[in-house]
Amino acid sequence: MTSLAFPCRASPLTPASISPPVPSPCIKIRRSRRAAPHRRLIAARSSSSPRTVAMAAAAAAAAPVISPKENLPPSLTSTSEPPPLFDGTTRLYVAYHCPYAQRAWIARNYKGLQDKIKIIGIDLADRPAWYKEKVYPQNKVPSLEHNNEVKGESLDLVKYIDSNFDGPALLPDDSAKKQFAEELLVYTDESNKALYSSITSKGDVAEETVAALDKIEAALGKFSDGPFFLGQFSLVDIAYVPFIERFQIFFSGIKNYDITKDRPNIQKFIEEVNKIDAYTQTKLDPQFLLEHTKKRLGIE
Ligand SMILES: N[C@@H](CCC(=O)N[C@@H](CS)C(=O)NCC(=O)O)C(=O)O
């Protein structure tokens, strides 16, 4: 399923050439927009009206926290030397455009582990031989080098990062929520498959796709204490968001179909998750993702 849903194999467009994540027009726009409340706050301070200052402060407080885009290294290619493996450094191997790798990357960011887990970009189109030979025999991303071992599989890694590192917990204590989390994690591959089938086929959006989107919509409505799958942000959101992000772009750009139409929970989820810096730091230019996928599917 994984390679069926998002075959991030060698391709002239595999964004080795664009890693680290491109400072895309979209990212630039978002950053400057988010900086605006702070500028307004400074302006208000100099105007010295307490009411204006209070309003500007409230606006700034309500604005999503945004930190500068992390300075990530370029992807390693077939001619790159390996990092000094098993030297005690914890490394997360990713391809910057891979939705599976994005899951582990978001988890690392959300837990504030930027200084503890080093991101290593791998160019999947021109993969270094040592990656398979010395790091991860499965030759896929993501993988995590930690405590002299290398582990893989994105959902396992998200859980592993949550359990083995400091930082905010990615699962609530509530047992009903935990159980629902497991059900939703099991469902990710199936829903991705149901959605992807309509992207690759000609004609209208398939019934199974609509059913999968409706199921996600219903799941997002199960807990009322927040806009996320378990109410508050959790590893379930991390599992789904790279795919929801891509499907929104692909359905709109390829099928002229808005996945949020009549699905207010998905709409709200997308709005709210885009306020989470740990996630937005990992996003690529939507236009790039769309063009990459269209080219791969042979769609003009
Ligand atoms: N089940 C794996 C899937 C990982 C996966 O398919 N990654 C792709 C990149 S998006 C990959 O490494 N593909 C390389 C290949 O298949 O050769 C996970 O969840 O981590």
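Values quoted throughout were computed directly from the atomic coordinates according to the rules given, and no laboratory measurement underlies them. Because the structure is a prediction, the values reported are computed rather than measured.
Figures for the structure shown
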item: Three principal axis lengths of the stretch 148-300 [C-alpha, angstrom, descending]; result: 46, 39, 26
item: Chain lengthening between K268 and E149 when straightened (0.36 nm per residue, less Cα-Cα); result: 38.9 nm
item: Segment S224-Q138, length gained on full extension (0.36 nm per residue, minus Cα span); result: 26.9 nm
item: Filter on K177/K283; K69/K283; K193/K255 - keep pairs with C-alpha separation over 22 Å; result: K177/K283
item: The stretch 69-164 - Kirkwood radius from inverse mean 1/r over Cα pairs (Å); result: 13.2
item: Lysines with Cα under 21 Å of K134, excluding same-chain neighbours fewer than 8 positions away; result: K118, K151
item: Extended-chain gain in nm, criterion 0.36 nm per residue less alpha-carbon gap, K295 and E81; result: 74.0 nm
